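Notes follow the structure.
The values are calculated or read from the model by the stated rules, or taken from the named source; none is laboratory data. Computed from a prediction, not measured in an experiment: that's the story for all the values here. Every residue, glycine as well, gets a Cβ built from its backbone with ideal geometry; the counts of neighbours run over all protein chains shown. Surface areas here come from the heavy atoms of the whole protein model, side chains and all, with no ligands, DNA or RNA. Shrake-Rupley method; radii C 1.70, N 1.55, O 1.52, S 1.80 Å.
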Amino acid sequence: METGNNNNRRPLIYYLSGALLLYILLRFGLSPALDNESTKEVPYSQFIEMVDNGEVTELQKEDYKTVFKAKVDGKEKTYVTGNWNDPDITQRLIDSNVEFKRVIEEPMSPGMSILLTSIIPIGFLIFMGYMMSRSLTKQMGKGGGDFMSFGKSKAKVYVKSKTGKTFNDVAGQEEAKDSLYEVVDFLHSPKKYRDIGAVCPKGVLLIGPPGTGKTLLAQAVAGEANVPFFSISGSEFVEMFVGLGASKVRDLFKQAKEKAPCIVFIDEIDAIGKKRDTSGFSGGNDEREQTLNQLLNEMDGFDATEGVVLLAATNRPEILDPALTRPGRFDRQIRVELPDLKGREAILKVHAKDVKIKDNIDFEEIARMTAGTSGADLANIINEGALRAVREGRKEVIQEDLQESIEVVIAGQQKKNTVISDDQKKIIAYHEVGHALVTAVQTNKKPVTKITIVPRTSGALGYTMSVDRDEKYIMTKQELFNEIVTLTGGRSAEEIIFNTKTTGASNDIERATKIARSMVTTYGMEDDFDFVQLEETYGRYLGGDRRLIASTGTADKIDQKVMEIISQAHYRAIEILKDNMDKLHEIADYLLKKETITGKEFMDILNRKPLSQAELADESENTKIEAPTEDTQDNATEYKEKKEDSDKDLESSNSDETSDKEDSNKEDSTDEE
Ligand code: ADP
Ligand code: MG
Ligand code: ZN
């Protein structure tokens, strides 16, 4: 919409409006003042005198005045005087030989006078208002647009050729790709699905940290699906004027329905999808709420069978309004997490295709050195490497270029604390395995998802609890307690193994405390407080908050009870871990090498018998760790030392692809933090 010639047109517009203003003022206000300077106003009496003296030569009578020329002292000048009800004047003029006339002024036609007195001025005002609003919108960086399309969304329509991206450009995110592929497939051959009665998900929400390829994935979907692709950023809905955002949403969906089957992609949806205000204190943000409500409305208003699929991306899922993520709206959520070792290698390879690079590059080494980086960082590393090669006057990128550029890219990262050193990695591995091991021992269930030491969306580390709370209608006191034990398991492992406490447990602490508090204040599970409600919820349907309704004295007691529950749980977790030290080491080592471990792998290691001395020796040579052994010899500490040696071999062996997928599917539906 924005065009350069706007600027060229501007002066002309100003001239025109200036001229118009001038004309209106002239016509309706200032005309007498503009009778030119040589015109002299004289009293009527003097005018009569001048006529009688024969000085007046010419006269013209107008509605309210009489303009005449007179020769005074040999100089002819123009004079003006007011009209007077003077019947004699005609005779006087004739006597003095004056040439006189009345101006033939046809009365203005009514149409013309309305035009001049109302339409033009009003039009002028509207025009000025428009110019102002236009320049305001422009200042706000939204881009002008013409008056009539105000409020229309500027969703761009992409067709296949435009994005040029395909799933091949996205490396690593296999699960996300699988999930999205289904959507693409549905749009291509809806009949296949309809025949069996399956409905395509209405909304697919991509969740993950910045730079992990969410936007890229959406573009790939556009490239793969041969259907129109509407792409708009959430912030484009945020408007200065109430109601405009909502009308943009309406317009977007109207366009989409016309073009169905098609895909609508809303990037950074958190800009409009923020939780609505529950407290009601701040008065809320009407405009944003209206926009969100409109979006919710539209999502309900179309049927997935129509073939409109809504795709959205966010890196702040926790601030999204729960109404957006409930079933029937964004009913499929895809996690796009930071890549693990294998993923990083794959991403490096994808981007290496864009540059001239030596054949013998060891991408795995680079991947190993870049734990905690995103796909965007890795793309950047390749690019920096290429730049370095040019600086050094080479025609190809070599290993050293990449190694060096890691530092360039990561230096910026380290400030943000996202790149994990080996020491940190070790602590994180034990922390995560601590959680998982405690659950597994307590409930004898495998962790629902994979465990990973790659940092997760929320900044919390990557463990998911094996009990999916949302799936259960009620939970017993014991189950809640076990959950707290699990939550303390991470910190407990840190304490046992490294004799230290880290900041990594903050989220666990928060959650554990919440559960413990609820046990006391909401679920009435502690006998000391019996069946008394101590907290109330407000804004319940918006994922509301709680506030205490107990007296100060009771509040103290509640705090005490909460601490009691948590220390009991903490103690229990330490007990469990101490009883299973060998497994803790074994699984943590495995995790350190692979960065990700599936639930199945986890249980395999947990359930297999410890390796014998002989096999351990064997292993250092043969790199086989997968096969369970019959021979049992329980010697955990020695095992650990031995295994340190065999580390290198370990990682190249066993990887369990199939179960990886299996597990990750479940992950999508899991309440993670
Ligand atoms: P997000 O939207 O998640 O913040 P983007 O999709 O904008 O991230 O990714 C930024 C860039 O990083 C992409 O254009 C691409 O070059 C690179 N990138 C990120 N993830 C991947 C990936 N999985 N495979 C290949 N390239 C990636
Ligand atoms: Mg993005
Ligand atoms: Zn933890």
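Between GLU400, GLU298, the distinction of being part of a helix (DSSP H, G or I) and either in contact (Cβ under 8 Å) with a residue 12 or more places away in the chain or within 12 Å of ligand 1 (Cβ to nearest atom) (or both) belongs to GLU298 only. Test of understanding: among ARG368, ARG388, ARG332, ARG394, which residue is closer than 17 Å to ILE420 by Cβ and charged (D, E, K, R)? On inspection, the qualifying residue turns out to be ARG368. Looking only at residues of the range 204-226 that are more than 10 Å from ligand 2 (Cβ to nearest atom) and in a strand (DSSP E or B), we find that the one that is nearest to LYS259 (Cα to Cα) is VAL204. Candidates in the range 311-330 are the residues that are within 9 Å of ASP270 (Cα to Cα) and assigned to a helix (DSSP H, G or I); of these, the one that is nearest to ligand 1 (Cβ to nearest atom) is PRO317. Here VAL204 fulfils each of the conditions (1) modelled with pLDDT under 80; (2) under 30 Å from ALA246 (Cα atoms) apart from (1).
Of the residues making up the range 171-197, those that are in contact (Cβ under 8 Å) with a residue 12 or more places away in the chain and either in a loop (DSSP other than H, G, I, E, B) or touching a strand residue (DSSP E or B) at 6+ places or on another chain (Cβ under 6 Å) (or both) number 6.
Close contacts from the range 512-524, counting a first residue that is without any contact (Cβ under 8 Å) to a residue 12 or more places away in the chain and a second that is open to solvent by 30 Å² or more (accessible area, probe 1.4 Å), with Cβ to Cβ under 7 Å and a gap of 6+ residues or different chains, come to GLY524/ASP530; GLY524/PHE531; GLY524/VAL532.
For the range 1-24, the set of residues classified as small (Gly, Ala, Ser) and modelled with pLDDT under 65 consists of GLY4 only. Put simply, of PHE498, PHE481 the only residue that is at pLDDT 85 or above, hydrophobic (A, V, I, L, M, F, W, C) and within 15 Å of ligand 3 (Cβ to nearest atom) is PHE498. A count restricted to the range 420-440 and to residues that are assigned to a helix (DSSP H, G or I), open to solvent by 10 Å² or more (accessible area, probe 1.4 Å) and either over 21 Å from ILE509 (Cα atoms) or modelled with pLDDT of 90 or more (or both) stands at 4. Annotation: of all residues in the range 368-395 being over 30 Å from ASN315 (Cα atoms) and in contact with an Asp or Glu (Cβ under 6 Å, 6 or more places away or on another chain), the one that is most open to solvent (accessible area, probe 1.4 Å) is ARG388.
Would you confirm whether or not the range 331-343 contains a residue that is part of a helix (DSSP H, G or I), crowded, with 16+ Cβ neighbours inside 10 Å and more than 16 Å from ligand 1 (Cβ to nearest atom)? Taking every residue of the range 331-343 in turn, none turns out to be part of a helix (DSSP H, G or I), crowded, with 16+ Cβ neighbours inside 10 Å and more than 16 Å from ligand 1 (Cβ to nearest atom). Does GLY459 satisfy the condition of being at pLDDT 80 or above, under 17 Å from ARG511 (Cβ atoms) and not aromatic (Phe, Trp, Tyr)? Against the criterion (at pLDDT 80 or above, under 17 Å from ARG511 (Cβ atoms) and not aromatic (Phe, Trp, Tyr)), GLY459 does not qualify.
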